[in-house]
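Data block below; observations after.
Nothing in this text is a laboratory measurement; each read-out follows from the coordinates by a stated rule. This one's a predicted model, so the numbers in the text were calculated from it and none came from an experiment. Positions of Cβ are generated from backbone atoms using ideal geometry, with glycine treated the same way; all protein chains shown enter the neighbour counts.
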Amino acid sequence: MQATIEKKIRNLFKRNFKGETSELRTGLVSQYAFERKDAIERTIHAMTLGKDVSMLFPDILKNLATHDLDQKKLVYLYLMNYAKTHPELVILAVNTFVQDSEDPNPLIRALAIRTMGCIRVDKMIDFLPGPLEKTLSDESPYVRKTAAIAVAKLFDLDQQLAIDLHFVEKLQTLLDDSNPMVIANAVNALEEIQRRAPETNAFKVTKTVLDKLLAALNECTEWGRISILTAFSEYETTDASEAEHICERVVPQFQHANPSVVLMAIRVVITHLQTLPLEQRETLQRKMSSPLVTLLATPPELQYVALRNIRLILQKFPGILNREIKVFYTKYNDPLYLKLEKIEIMVNLVSKENAKQVVTELKEYCVEVDVVFVRHAIKALGQVAIQVPESSELVVDTLLDLLDHHVAYVAQEVVVVMRNILRKYPVFEDAIPRLCDAIDEIDEPESRAALVWILGEYADRIPPVKSLISPFVKSFLEESTNVQLQLLTACVKLYTKKPDEGKELLHEILQQATQKSDNADIRDRAYIYWRLLSSDAELSKSVALAHRPTIASTIDRIPQPLLDELLRNLSTLSSVYYKSPENSTNKSNANKSGNANKSNTLGDADDVQRRAHEEQRKMAHEDEIFRDDNLLDFDSGNAGDGADDLAQSSNILSEIFVTNDKQSGTTSQDILSLFTPVTMPPVESTTNNLNTNTDSSFNLNMNSNTNLKEDTPTSAEKQPFDDLLDF
Amino acid sequence: MLNAQRVHFLVMSAVFFLDKKGKPLLSRNYRGDVPMSAVETFPVLLMEAEDETSVVPPCFTKDGINYIYLSHNDLYILALSRNNTNVMETLLFLHRLVEVLTGYLKELAEESIRDNFVVVYELLDEVMDYGFPQTTETRILKEYITQKNRIFQLISATGIKPPGIGASPKPPVAVTNAVSWRSEGIKYSKNEAFLDVIESVNMLCSPSGQVLKSEILGRVAMKSYLSGMPELRLGLNDRVIFDHVSNTGAASPAPLGNKKPIEMEDVKFHQCVRLSRFESDRTISFIPPDGEFELMSYRLNTNVKPLIWVDCKINKHENSRIEIVARLRAQFKPRSTANDVQIIIPVPEDADSPKIKLAGAVFSKAKWKPELSAIVWKMKHLGGGKELVLQAELGLPAVSGDENQAKRPIQVKFSIPYFTTSGIQVRYLKIVESKLLYQSWPWVRYITQSGDYAIRVNT
């Protein structure tokens, strides 16, 4: 029913548009040049507005042969847009294209070859090689630089043809060109071919090529420099003198006004740094700091990329911005995404010397109005306290002062932060009563869990602990899983410490957990505690009150192999998302077993392309309903992806686990070792924490993969590291 | 060997101009490898992201398609891509695209795009090919992409054919030259070059007057009206030390005299400056573009004491009134004068009925601007060493509304001519055109301005 109405309405508009179409058609075949040109402009205008003017194709074609450059450009533009829908008619245009590619005016020659490459129709491909060959050795560098890119276009359209006709070799000779822009575009094209088909070995940076590119670097436009620097950053050498030579030539680019050139130059230097002797390494690191800071004098979007990258660089070279912490103070009119990044970096840079300064600054932020910003600032205060023991007292005072404002979200965050601080510095137990005063304001699961943990841990120091815990026990079944698990542990601790006060509560909670809970984890934990408590009091005590490893840091760290990979990809999306390039953008790529599996990634990239081509095909045949169709297509694609994503995320997760174990040596392995004398399976609170945390990060990964959260580098994706380090 | 494992392209696939609702106005598909309908999801994704959190970064990815965007006036400028795009380059390109189009259309906005779609298409074709940025020098583009089109359209309406149509332009040699920013054969009857040394002072102060952060962002802007292909060399005073950016990292030579050295934290040059030459012997040599451009920019971390200090006491009587006493002190030398000074003192949004008194300030004016929720205190000139006082009282509503108002600092705006905070000076600007050998006149001006200049207030 609805569809028919829709169709009727569409037809109504169509009829109106019919009138316009015939008017345009008349104009396009008018005997007066200015009328024809006017009609062409109006056709393009209609096209811009999204109207389908493909039916005018034959009439437009008649205007192809013209000496008016502007008009030619418009006609070419039209052809690029609608060639797919009229592949059979494109043949009529071919002659003009070939002619134009021999025009005396280099602008027209370049325009012809550029446009031919963009008309992705089989018929055109057959005619492309001839003109392409000629233009590649054109006398005008403007034409040659355009032809260089056209080779990449041809390669995309028909790989075999391009190889058979030796276009790759011809492109390689352009690296010898006298003109820097031609060289830069040849590099662009060759890099692309190399990526697309590594077996062609299209872009082999040899010693000679390297020297040529180094020479061209200083002559190039800013964009050409980026291309060449990209090539350098992917060039692998183990020869220290060669690496030194590259760095020497690239370092002057730090002074370029274009921030993208600067960042790429930094990437090149970082890539080749490890090959250099220690002394030079330090000099180069020092030299990076100023350009990095200057990247913050750019528009906010660019600053964001810079800040995300600076965080990576800081993890690798922690010392290089020590003096510069002030530049990361937020401005009151910074967009929020910048403010949060700046806070992260401030925390990364905090030291004994500047801790006081940083705390004062963060304190300012805590009384701002933006909730997200304030919570981040509070969290950062906690991180500073953990990082710099000397600052902990000041931080705790600051946090407790914040509670006086009686703002719920502040209290929630303060409690979570205080839990970490108390774990590291039990001396601050005096603060506990003030936290308990805020108990009514705290309703978020994480904060409640934190508070419950504090209550359990300090059960013997808080006189009214029973009355504080019992409301939680009463509402046990309504609490979220995380809080329930903490409650169980807390009650066991209370019982172990103060058997008289804890007995009743423990009994109640065990009963509720074992009988009324639907959650297997909760029931299991309750049963295990129960049995433990009834069998061996000493043992249960040693389990419940076991010593935990101290927190060294609560700052997010990226595992070393991933970090190195991200540093090699500075300035790209993966370095902003903090994800390996193999899976940063390709969601549907399930099988990421080996990164040598290039056919897989390729196939995946092709998926987007397939969708693009499908779209064009559909536009050609069923311009009416393609939208709905496409939407359906997307949906089904998504549903399929979901399952794969799960597998993938678990893969990632296990990877992180493995690396983490190797790296820090203080993780699960250590915790397990605590229990070696105990024959029972490890069920103490920290270990359970580990379990629940893995669960939660699983969930996060699952959810986020299917929605946008994954892609915006906010909370979700940092979470796994967060949780893993936060036992 | 290139690392063969990484199969990802770094370039963008399509560029869109969208109106503020996210509806496409004009687009260019460069590679045909992303579905153009993906743009329809952009406003949805943007909205979803905004619902989710208030943090929406300038790039996100959905279904294997990357959306990288910025907003300008009432427009979104969006690049679509796939794979691991060089996002810094992409965003910068979009910014440059905005600059180029602004150079052509005066103002880049929804309306100007609609009215000039032909030239926008032409430019899109020229600035990028197959996703690779090509040239974004407005000056050079203007030589071969003209707006003759528009003129032609006007004339075609009248039916008269103008002369000269059909004589197609050629690509300027400069597009592909090593000197891609300057065309040959430029001629001026009087050869002049103007240098403006402009320093912006960024400052953040605590209410008690402690400088939390201060930096000087300087730039040397140049207007060159010189014939031929002139070789220029810029000399700065000896106090300027580029040590932090030097190659050797060795200790600097002792500065001359008793003056303290000016240590440049970082220097950036326009692409015309020979960077390798600067790296080796600190010479700033270049062939300038024609007309206006920014030759260099620099950054100094020197601790500057506030040039203009405002001590502000705010006394808030909840639900009744707010009293403000602001004392302004010009802490620069008496022989300098600050122009167009503006002090913007924030007041609560619901404040009203202002009473403002000024003391010792003959030439100053102060006004309550409800639209800014601030008192704006202005003076055309402010001599060094002067002190002024402003007293204000505003009423507050008896019933207070939303407690949480954003905490805004006092903002200070000013400019001081003939003065650089850092002490940097241009010693010489040598102009040599080896073929034409003309006489030329370099001119230099100095000015210090307020950048991000904020003083926090206690409330």
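Which shape class, rounded, prolate or oblate, goes with chain B when its Cα gyration tensor gives a ≥ b ≥ c as root eigenvalues, a/c under 1.5 marks rounded, and past that a/b bigger than b/c marks prolate?
The shape class here is oblate.
Holding the Cα-Cα limit at 30 Å, pick out from A:K51/B:K106; A:K342/B:K268; A:K153/B:K142; A:K72/B:K20; A:K145/A:K204 the pairs that are longer than that.
Beyond 30 Å: A:K72/B:K20.
Name the aspartates and glutamates eligible as straight-distance cross-link partners of B:K357: C-alpha to C-alpha under 14 Å, and not fewer than 8 places from it in the same chain.
Hits, sequence-local ones excluded: B:E323, B:E393.
Calculate, for A:E508 and A:H406, the FRET efficiency according to 1/(1 + (r/R0)^6) with r their C-beta to C-beta distance and R0 35 Å; round to the nearest 0.05.
0.65
Within 10 Å of each Cβ in A:153-165, how many Cβ atoms from other chains are there, averaged over the peptide?
What the average comes to for A:153-165 is 1.
Using the crude model of +1 on Lys and Arg Cβ and -1 on Asp and Glu Cβ, and no other charge, please compute the dipole size for chain B relative to its Cα centre, in debye to 20.
1900
Given a cut-off of under 8 Å on Cα pairs at least six residues apart, what relative contact order in percent is computed for chain B?
Working: 922 pairs, mean separation 65.5, N = 459.
Rounded, it is 14 percent for chain B.
Output wanted: per-residue J couplings in Hz (rounded whole) for the stretch A:58-70, from phi through Karplus 6.51 cos²θ - 1.76 cosθ + 1.60, θ = phi - 60°, x for Gly and Pro.
3J(HN,Hα) across the stretch A:58-70, in whole Hz: x, 6, 4, 3, 4, 9, 5, 7, 9, 9, 6, 4, 4.
Sort out for me the Cα centre separation of the stretch A:187-250 from the stretch B:49-115, rounded to whole Å.
Computed from Cα coordinates, the inter-centre distance equals 29 Å.
If the stretch A:308-462 were replaced by its equivalent ellipsoid, with semi-axes equal to the square roots of 5 times the Cα gyration tensor eigenvalues, what would those be, largest first, whole Å?
Working from the Cα gyration tensor, I get semi-axes of 27, 18, 13 Å.
Just to confirm the filter: which trypsin sites (Lys or Arg not before Pro) across the stretch A:132-211 are DSSP coil and have at most 16 other Cβ within 10 angstrom of their Cβ?
A:K204
Using the basic label-point model (7 angstrom from Cα toward the beta carbon), what is the B:V44 to A:E236 distance in nanometres?
Taking the two extended label points, one gets 4.2 nm.
List the DSSP H helices in chain B whose Cα atoms stretch 24 Å or more along the helix axis and whose mean Kyte-Doolittle hydropathy is at least 0.0.
B:87-105
Per-residue Cβ counts within 10 Å, from other chains only, averaged over A:76-82: what number is that?
2
7 Å from Cα along Cα→Cβ at both B:D352 and B:K260: what's the point-to-point distance in nm?
Each label point is offset 7 Å from its Cα along the Cβ direction, giving 5.1 nm.
In whole angstrom, how far apart do the alpha carbon centroids of the stretch A:280-347 and the stretch B:177-211 sit?
So the two Cα centres are separated by 25 Å.
Could you check the simple spin-label distance between A:E429 and B:K316, using points 7 Å along Cα→Cβ, in nm with one decimal?
Computed distance between label sites A:E429 and B:K316 equals 3.9 nm.
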